[in-house]
Amino acid sequence: MIVRRLTADGWQTARTVRLDALAGSPAGTFSTTYEQALAWSVDQWKRWTRTRAMFVAEEHDTVLGSAAVRVAGNGRKSCPRRASRIGRGR
């Protein structure tokens, strides 16, 4: 297993991970709903990814889990975000 930080170029992985977390969470868990995030444009996903320090744990090109924090405008981390586990049944 490897753990890596996503860059803005990894927005597609961030999208997949985020949508999975939103779909599997009760309403109000996150600031965005699944339906809202599903409608985001590519630019919105790139912006969202750029403003997070997001790490994914992967094995054989499969994301097993993630953790992210929002990065403030000054480059410092702000409030921690919930970590999520993907790949139910593992």
Legend entry - Surrounding net charge for ALA8, when Lys and Arg each add one and Asp and Glu each subtract one, Cβ distance under 13 Å: +4
Legend entry - Packing-based order for 56-65, 9-18, using average beta carbon neighbours within 10 Å, highest first: 9-18, 56-65
Legend entry - Pairwise FRET efficiency - ARG5 versus LEU38, Cβ, R0 = 30 Å, nearest 0.05: 0.75
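FYI, it's all coordinate maths here, none of it is from the lab. Since we're looking at a predicted model, the values are computed, not measured. Counting neighbours? That spans all protein chains shown, and the Cβs are built from the backbone with ideal geometry, glycine included.
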